[in-house]
Structures are given as structure tokens and as C-alpha cells.
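The structure appears below as C-alpha cells.
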Amino acid sequence: MQSFNFGSAQSILPRSVLAAIFHDIAGWRDRGISLLELPFVHTDFADLLTQIETDLRALLALSQRHHILLLAGGATAQFGLLPMNLLGDKHRADYVETGYWSRRAMMAARPWCDVHRAAQGDGTFLPQIWHLSADAAYCHVTTNETADGLQFHELPDTGDVPLVADMTADFLTRPIPIEQFDLIYASAQKNLGIAGLTIVVLRDNLLNRAKPGVPAPFDYSAQAKAESKVNTPPTFAVAVTAKMLNWLRENGGLAAIGARNARKSARLYAEIDADEFYQSHVRAADRSLVSVCFHLPDSRLDAMFLAKAEANGFFQLHGHPSVGGIRASLYNAVSEEAVDALASFMADFRDRHG
Ligand SMILES: *Cc1c(COP(=O)(O)O)cnc(C)c1O
């Protein structure tokens, strides 16, 4: 039986990327070492960093004003590091609360600054009207609410207030209007590899604002100056990301992957919208193309759906604990074939139990 994984916390990796990693672990470029033994001061590691930089600059059309930082600690570490690095002489930051992850980001900023909630949703829609503070150091948004199943498809203009985005779940899943953002950050394990690496892309206007005493590995300016080598970066995770970027390029870049991801989610939402059996709690215009959340008429059927799905080879479809129900995470590496198979399973389950 074929099996398919729709997990949200760690994406599957393309089989070709896994094969290349196995190869490099067994022996790295005839150097007599494994990839796992590659030191960060080696010229081969410098090559990997250069490849990541070149690929990201091309994919995102970055200007010379943009810096790319490869940091440890995950998006959650960034929640606290943003105010530590970005406040400068300001005291206030705006947050748009749209669901579970933006709430986490907001709460982590509270010890460091006056957090102003510029808009609030309840996890079922994206608020349209924002009340921005003129004196905010930045405005924070979460472009994809992974637990709730919401995604911004357009972002309001924040004027002179720098726009900062947690893009962990949808980074590189579609073309990004980079000029709108002053800083974006993403943990690698969702669309770009494995846990341990966080990518931060920021414009130079946000450098040199860190509070005194921020540890150097977490100081954006220090890391920008040191090309992310203040200390030992997570070398293996960096190598996996280099391979994922290569895979993304070979698969046509962001326009092609964006079109493919749109087809994937449309396939599932068509099944959800076919009748009242599957229900989505999210306003149609704000639905996520990455985190497709739905539920069945009652929690007994949710549980039966999950059990039958597993028995048929569809794994990790349970919703986030804060929301419940079902969630299919359609990260870049999830194939159209896997989504087609899941849609057929959903149709079949409805025929039997609807
Ligand atoms: C997964 C996720 C996180 C958490 O990332 P960590 O690497 O575990 O810190 C944060 N924000 C969003 C939007 C996510 O999807």
C-alpha cells in the first residue's frame, strides 16, 4: 500500500532530496568525511552558503539592501528576538492577531515592549481594518496561520511602519512581493528542509537597532556582518536547505510551485465544498493554500475519519490541538498525486458515512 504524510510540524522531503542526502552522509565529495562531519570553516561549507544566498536572491529578486541570515532557534526564538533586535529607541510594536501563531508571537514580545494589537480576528477570518500606531517600531503579521487554516492573499500597506512577517508555513510556496516586507522569517522544516535552521531576510534599514546585550548569535547586525558565522551554524540543516533550494529551482521556481500548490488546495476545497458533509470554519477568501483545515458533522466522525485514513495510508491528518478536526498540510514537497489520493479517499468516506 502506498502511504502519504500530510504532517504539519515537519514536512516530508522530496525522494530525490533524501537520496542525495543519504549519498552525502555516506561520503562527502570524496573528501574522506561524511556530510555530518563537515566543519563550518571548510570551503565546501562556504560553497553551500553561497549557493543558498544565490538561490534565495534569485527566487525572491532581492536587492543589495537585503540581507539573508541563517540562524538557529526556530521561528519561536524569533518571536522574542524581533523586539530585542528591532525596537531601537522606540517602545511600541504593532501586532495583527489572526490566530494561534500570531498570538504566540505577540505574547513573546510583551516582556520587551508595549505591544499594540492593531487588529484581531478569532481564527475564522482575517480582519480587514487595522489600527496602526504611528510610533510603532514595526508591524508583525503571520502570513499563514498553520493551526487555524488562514492565509493572507493580500496585505494592507503599513506605510512608514516596517512590515515584519512570520512566513514559516508559506515561505517559498508562491511568489513573494518582497518589496512590501522589511523582514520575513521562516523555520526551515515546513518548506525548506529540516528543523534547526531559521531563515531571516531583512532590509538594511532594520540593522543596528539591537538592544545592548543581545547574544551575538541572535544579533541580526552581528550575524549580517559575520555572514551567519558568528558561531557554528546548524551545518546539516543548512546542507538540506541547499538541496531543497536546488529542488525548487529544478521544479520551475516560485511561479511553477505556486501554481502547483494552488491546484493541490483547490482539489481538497472542492471536496470540502461539494456538500455539507465536510465543513470549513474559515471565510472562503481567507482560506490557506497550505494548511487545509476542516471537520465533519460531529467529533465521532472526525475520529473515525482519522482512523480510516491511517488504515488507508494517509498519515498525520489530525488538526492542531487548539482547533481539533482534520488538517492536511500541503507543503511544497507534497505531491499532486498524494493530494488526488486524499481527495478520492474523502469522496469515498462521504459516500459511506454521509
Ligand atoms: C511551525 C510554525 C512556527 C513554529 O516554528 P518553530 O520552528 O517550532 O519555532 C511558527 N510560526 C508558524 C506560522 C508556524 O507554522
Give, in nm to one decimal, the length gained when the segment between Asn205 and Thr232 is fully stretched (0.36 nm per residue of separation minus the Cα-Cα distance). 7.1 nm
With N set to the residue count of region 1-74, report its C-alpha Rg divided by 2.2 N^0.38 Å to two decimal places. 1.41
At what distance in nm do the modelled label points of Met107 and Ala216 sit from each other, each positioned 7 Å from its Cα along Cα→Cβ? 3.4 nm
Ser11 accessible area, 1.4 Å probe, all protein chains in place, Å² to nearest 10: 10 Å²
Under the Karplus relation 6.51 cos²θ - 1.76 cosθ + 1.60, θ = phi - 60°, what is the ordered set of whole-Hz ³J(HN,Hα) values for region 47-63, x standing for Gly and Pro? 4, 4, 4, 5, 5, 4, 4, 5, 5, 5, 4, 6, 4, 9, 6, 6, 8
Approximate shape of region 208-315 as ellipsoid semi-axes (Cα gyration tensor, √5λ), whole Å, largest first: 41, 19, 17
Report Rg/Rh for region 118-228, rounded to two decimals, where Rg is the Cα radius of gyration and Rh the Kirkwood radius. 0.97
Residues of region 207-233 with backbone N under 15 Å of the label point set 7 Å from the Cα of Leu62 along Cα→Cβ are 207, 220-229
Separation between the Gln10 and Glu179 pseudo-spin-labels, each 7 Å from Cα along Cα→Cβ, expressed in nm? 4.0 nm
Largest first, what is the accessible-area ranking of Phe22, Phe315, Phe277, Phe40 with a 1.4 Å probe? Phe22, Phe315, Phe40, Phe277
Relative compactness, the chain, computed as alpha-carbon Rg over 2.2 N^0.38 Å: 1.01
Given a Förster distance of 30 angstrom, what is the FRET efficiency for Ala256 paired with Thr76, based on the Cβ-Cβ distance and rounded to 0.05? 0.45
On average over all directions, what projected area in square nanometres does region 7-141 have, based on the convex hull of its Cα atoms? 11.9 nm²
Other-chain or far-sequence residues with amide H under 5 Å of Phe314's (modelled H): Phe4
Can you give the translational diffusion coefficient of region 105-152 in µm²/s, computed by Stokes-Einstein from the Kirkwood radius over Cα pairs at 10 °C and 1.306 mPa s? 132 µm²/s
With DNA, RNA and ligands ignored, accessible area of His353 (1.4 Å probe; Å², nearest 10): 60 Å²
Which aspartates and glutamates have a Cα lying under 19 Å from the Cα of Lys225, excluding residues fewer than 8 positions away in the same chain? Asp47, Glu53, Asp182, Asp204
Sequence ranges 1-7, 341-347, 95-101, ranked by mean other-Cβ count within 10 angstrom, highest first: 95-101, 341-347, 1-7
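The values are calculated or read from the model by the stated rules, or taken from the named source; none is laboratory data. Please read all numbers here as calculations on a predicted model, not as lab measurements. Positions of Cβ are generated from backbone atoms using ideal geometry, with glycine treated the same way; all protein chains shown enter the neighbour counts. Note: areas computed on protein heavy atoms with side chains; ligands, DNA, RNA excluded. Shrake-Rupley method; radii C 1.70, N 1.55, O 1.52, S 1.80 Å.
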